[in-house]
């Protein structure tokens with residue numbers, strides 16, 4: 001779904017990527033208890049990207065026995081944050097291996113788009129538990145969201161120095177290291193320090209060799225270092241490790257697009273379709289790429305081929321909705337976005353696109369509903385500029 005989500009940004013919606021808490025925030029909107037616990041203690045999650053809810057539940061089973069944690073989550077949902085903090089502190093007394101109470105509260109606040117309150121809680125966590133690496137990893141994450149690369153780098157170095165201690169469990173150490181490598185990678189990429197990115201990604205993959213997304217980033221780094229053969233090898237391995245990723249030729253075409261080499265990207269996309277005419281992922285990738293190029297009619301045709309191969313895929317329905325809106329077929333776009341919004345009402349990107357689709361129509365009732373959607377979206381996502389821009 002990564003490239004379709006990129007298209008949402010190009011079409012006016014913020015892509016919430018690169019933030020260490022992004023996937024946790026998305027999980028929170030699902031409302032599953034395990035998802036909320038995953039926000040509070042990511043240190044104890046399985047290290048497999050895209051792990052399902054059952055995996056998360058299994059990893060966090062032990063925490064279900066700590067009543068104060070569950071009560072704290074319930075009080076947070078009631079917006080009684082003082083009570084939440086008090087309960088988390090009591091839980092920490094019973095289970096000293098838990099993250100600092102203020103850090104757990106900060107993570108919940110960040111995941112629910114309450115940045116100012118989250119910063120206050122995080123600053124307090126730094127005062128009370130200055131030796132906990134997760135505090136500085138969260139500071140680094142915040143810095144990365146606003147492009148403060150040096151600030152992020154310094155916080156990551158602090159976290160790395162704290163990992164030299166022997167007090168951490170294997171799960172904690174692994175999680176801290178993975179977040180640290182992610183942070184160092186993002187800083188290096190932002191600085192276009194490709195040797196630095198290669199070093200960070202190599203260390204990340206030594207820790208978690210099945211992380212397909214990290215391997216895709218290594219492929220981009222290798223391409224920037226003028227080693228396309230090695231980049232292709234990494235992309236092939238990435239999709240073996242994570243079948244949800246784009247096929248290697250499609251992913252490589254996107255990388256060449258990022259480099260501005262459209263002739264090479266075009267060649268790769270066309271060859272991918274010829275070599276795998278029955279692979280819906282390839283046709284979907286072609287449709288996404290054509291949409292990004294502004295070739296809407298061709299994108300629609302490619303999406304229709306994909307639809308014959310996988311008609312019910314959510315990724316494809318989202319893509320077809322974007323294409324329909326681009327073609328000003330607002331009725332069809334509304335149908336797609338409305339269905340997606342009903343399935344995942346917490347998806348800020350889908351809700352924003354639905355509002356934009358409704359407001360672009362002449363029906364006054366639909367325009368009124370668009371305003372209502374935009375207002376709700378803005379209240380829930382006050383730190384997302386594109387959402388506020390939709391509200392006007």
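Taken over the range 310-328, the criterion of being closer than 16 Å to residue 244 by Cα, touching a helix residue (DSSP H, G or I) at 6+ places or on another chain (Cβ under 8 Å) and not in a helix (DSSP H, G or I) is satisfied by 310, 313.
Considering only helices (runs of 4 or more DSSP H) fully contained in the range 90-186, which possess at least 1 residues that are over 30 Å from residue 218 (Cα atoms)? Before you say what the answer is, go through the steps one by one.
Details: elements: 101-111, 115-128, 133-145, 149-162.
Passing ranges, in order: 101-111, 115-128.
Every residue, every condition in (1) surrounded by fewer than 23 Cβ atoms within 10 Å (Cβ to Cβ); (2) out of contact with any helix residue (DSSP H, G or I) (no Cβ under 7 Å at 6 or more places or on another chain); (3) in contact (Cβ under 8 Å) with a residue 60 or more places away in the chain; (4) closer than 20 Å to residue 72 by Cα, yes or no:
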position	(1), (2), (3), (4)
112	yes, no, yes, yes
125	no, no, no, yes
131	yes, no, no, no
152	no, no, no, no
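Just need a number here: residues in the range 229-266 that are on the phi > 0 side of the Ramachandran plot and at pLDDT 95 or above. Walk me through how you get there before you give the answer.
Just the residues of the range 229-266 that are on the phi > 0 side of the Ramachandran plot, to begin with: 260.
Next, only the ones that are at pLDDT 95 or above stay: none.
Residues meeting the conditions: 0.
On the basis of being surrounded by 18 or more Cβ atoms within 10 Å (Cβ to Cβ), under 30 Å from residue 205 (Cα atoms) and either at pLDDT 85 or above or out of contact with any strand residue (DSSP E or B) (no Cβ under 6 Å at 6 or more places or on another chain) (or both), does residue 60 make the cut? Quick ask: steps written out before the conclusion?
Numbers: surrounded by 18 or more Cβ atoms within 10 Å (Cβ to Cβ): yes; under 30 Å from residue 205 (Cα atoms): yes; either at pLDDT 85 or above or out of contact with any strand residue (DSSP E or B) (no Cβ under 6 Å at 6 or more places or on another chain) (or both): yes.
Yes.
Only one of the listed residues (371, 359) is crowded, with 18+ Cβ neighbours inside 10 Å and in contact (Cβ under 8 Å) with a residue 12 or more places away in the chain. That residue is 359. With respect to the conditions (1) more than 22 Å from residue 201 (Cβ to Cβ); (2) within 21 Å of the chain's Cα centre (by Cα); (3) surrounded by fewer than 16 Cβ atoms within 10 Å (Cβ to Cβ), residue 277 lacks only one, and its number is (2). Does residue 106 satisfy the condition of being in contact (Cβ under 8 Å) with a residue 24 or more places away in the chain, over 20 Å from residue 183 (Cα atoms), crowded, with 22+ Cβ neighbours inside 10 Å and under 27 Å from the mean Cα position of the chain (by Cα)? Judged against the criteria, residue 106 is not a match.
The requirement of being surrounded by 14 or more Cβ atoms within 10 Å (Cβ to Cβ), out of contact with any helix residue (DSSP H, G or I) (no Cβ under 6 Å at 6 or more places or on another chain) and assigned to a helix (DSSP H, G or I) is satisfied by residue 338.
When you check residue 299 against the structure, is it buried (at least 23 other Cβ atoms within 10 Å of the Cβ), out of contact with any strand residue (DSSP E or B) (no Cβ under 8 Å at 6 or more places or on another chain) and part of a helix (DSSP H, G or I), yes or no? Steps first, answer last, please.
Details: buried (at least 23 other Cβ atoms within 10 Å of the Cβ): yes; out of contact with any strand residue (DSSP E or B) (no Cβ under 8 Å at 6 or more places or on another chain): yes; part of a helix (DSSP H, G or I): yes.
Spelling it out, residue 299 is indeed buried (at least 23 other Cβ atoms within 10 Å of the Cβ), out of contact with any strand residue (DSSP E or B) (no Cβ under 8 Å at 6 or more places or on another chain) and part of a helix (DSSP H, G or I).
Taking first residues from the range 174-189 that are free of Cβ contacts under 8 Å to residues at least 24 places away in the same chain and partners that are part of a helix (DSSP H, G or I) and crowded, with 24+ Cβ neighbours inside 10 Å, the Cβ contacts under 7 Å between residues at least 6 apart in sequence or on separate chains come to 188/197; 188/200.
Taking the conditions (1) modelled with pLDDT of 90 or more; (2) exposed (fewer than 15 other Cβ atoms within 10 Å of the Cβ); (3) in a helix (DSSP H, G or I); (4) more than 23 Å from the chain's Cα centre (by Cα) in turn, residue 307 satisfies each one other than (2).
Output the residue which, of all residues in the range 224-234 that are in a helix (DSSP H, G or I) and surrounded by fewer than 23 Cβ atoms within 10 Å (Cβ to Cβ), is farthest from the chain's Cα centre (by Cα). So that I can check it myself, show each step before the final result.
Filtering the range 224-234 for residues in a helix (DSSP H, G or I) gives 224, 228-234.
Of the ones still in play, those that are also surrounded by fewer than 23 Cβ atoms within 10 Å (Cβ to Cβ) are 224, 228-230, 232-233.
Numbers: 224: 23, 228: 26, 229: 28, 230: 26, 232: 24, 233: 25 Å.
Top of the filtered list is 229.
Confirm whether residue 221 is over 23 Å from residue 152 (Cα atoms) and either in a helix (DSSP H, G or I) or more than 23 Å from the chain's Cα centre (by Cα) (or both). No, not satisfied.
The values are calculated or read from the model by the stated rules, or taken from the named source; none is laboratory data. Only a predicted model underlies this, so the values are computations on that prediction, with no experimental measurement involved. Backbone-built Cβ (ideal geometry, glycine too); neighbour counts: all protein chains shown.
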